[in-house]
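In what follows, a single structure is set out as structure tokens and then discussed.
The values are calculated or read from the model by the stated rules, or taken from the named source; none is laboratory data. These figures come from a predicted structure and were not determined experimentally. Cβ placement follows ideal geometry from the backbone for every residue including glycine, while neighbour counts extend to all protein chains displayed. The accessibility values were calculated without ligands, DNA or RNA, using every heavy atom of the protein model including side chains. Shrake-Rupley method; radii C 1.70, N 1.55, O 1.52, S 1.80 Å.
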Amino acid sequence: LLLLLLLLLVRVLPPVLHPSILSSISPPPISTSQAPHLPPHISATSHAPIPVMAGTKAALSLGALSLHSKLILSPLERVSSVGFRNICFHQGAGLTWTEMIKASSFRKEFISTFDLVDTFDPTTLTGVQFMATSAADLSGALTMLEHRAFTTHPHWQNIRAVDLNFGCPSPDVIRIGAGPALLKRKTKLGQIMQALHNWKQTTKLDIRAVGAKIRLGLNKFEQRHQVYLHAADAANENLDYLVVHARHGGQRSRDPPTWEAIGEIVQRASIPIIGNGNVQTLADLKRMYEVSGCSGVMIGRAAMSNPWIFRHLNQVDAPSGTLDAPHLPTAEAGSVWASEPEVKAAKETFDWWSSRHPPKKRVLSWHAQNFERLKEISTSGEEVKMIVPNTYDKMALKAKIAPEVSVA
């Protein structure tokens, strides 16, 4: 009976690994001779990550991570999927992210949370972003990430970066004291960042960069008192980069961002600072660089609306004036919108990945709508407004209104 009881406990209780045990785990070798599974209509050569241009250095380096572009895809809730990230990366995003992951749910081994870390594509540079309420909360999630990566979820070995979310303004997030609610709590904020820093030093995963995304504060009062500068100081000590969304937590996407605040952080930073907020055109991108002096830019809603925005915006940094993208069949490399053949090919790519690694139904449904919209734009030449998932504009969705597209 005692033996049966012990066997039952082993099956029921989640694995809790001591750091000394984790340190002894060696990652299994990953064969480089086996090409990743690719959609049948795309060759391995044309689908390879866009290389850094000959004779030039990486466009942006974050820690030990070298990016082919200074533009980064945001972690997009109810939008991010392995197929969508693949499309954005191969149109010029230097780095992509899964959806934001709640550390508390992850460490408790919720299957629905595990499914969000869909890093099945080794050709797409991808990171995972955690939202944690404490250092212990984060450490538990990171321990679980490493354990599962070498046991039940080997595709997590494709993760190359880990990010902390201190920017999500959702009332549910604020209620538990997470996201921008942590920005004024200097000690706790620093402890969480330090926990990530310490884990990076010991993990067997190939994590090349760790960072965080912040807002300018929880509200106007905190922005006025520059709580974001405390976050920048903590990031300098522990992280490889910092993403700054130039709004406070009480602002919506239609409210103008304060790019000058990004510049204040750049002035005291010893790490790359990534700007975020309302970059949609070449003029926007140039102005953000000029006003803030940031090292790179994170793109959110503009990428939801149009994955080809990365190809278009990369003209700012490409020496020839256009992004080298030989796999694009018809449209000029710097075009804002895709041609009809490009939309069709992208849809086939998305469907191929989704058939093998299905995202949630709500994600599939949204992308099906958006591909129809992109197809209509490619044939008519007229822009069609994007329907924003209710996570981003619940009031608009309830009113059955397609809100005006804004960025990040």
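Things worth noting here:
- Heavy-atom surface of region 231-315, accessible at 1.4 Å and reported per residue (Å²): 32 Å²
- Only alpha carbons enter this Debye calculation for region 342-389, each as an equal point scatterer, and the log10 of I(q)/I(0) it gives at q = 0.26, 0.31 Å⁻¹ is -1.00, -1.16.
- Computed from backbone phi with θ = phi - 60° and the Karplus coefficients 6.51, -1.76 and 1.60, the 3J(HN,Hα) list for region 73-84 is 7, 5, x, 10, 5, 6, 10, 4, 7, 4, x, 5 Hz; x is used for glycine and proline.
- Reference-scaled alpha-carbon Rg (2.2 N^0.38 Å with N residues) for region 70-217: 0.98
- Cross-link pairs Lys70/Lys344; Lys213/Lys361; Lys108/Lys360; Lys70/Lys102; Lys70/Lys204 - those with Cα-Cα distance over 22 Å: Lys70/Lys344; Lys213/Lys361; Lys70/Lys102; Lys70/Lys204
- In region 122-281, the ratio of gyration radius to Kirkwood radius, Rg to Rh, stands at 0.98 when only Cα atoms are counted.
- Cβ-defined net charge surrounding Ala232, 13 Å radius [Lys, Arg +1; Asp, Glu -1]: +1
- Shape summary of region 143-218, radius of gyration then Dmax from alpha carbon positions: 14.2, 39 Å.
- Rg and Dmax, both from the Cα atoms of region 254-296 and both in Å, are 10.0, 31.
- Modelled spin-label separation between Ser380 and His153, with each label point placed 7 Å from Cα along the Cα-to-Cβ direction: 4.1 nm.
- Note on exposure: Lys361, Lys200 ranked by accessible area (1.4 Å probe, complete protein assembly) read Lys361, Lys200, with the most exposed listed first.
- D (Stokes-Einstein, µm²/s), Kirkwood Cα radius, region 211-283, 1.567 mPa s at 4 °C: 105 µm²/s
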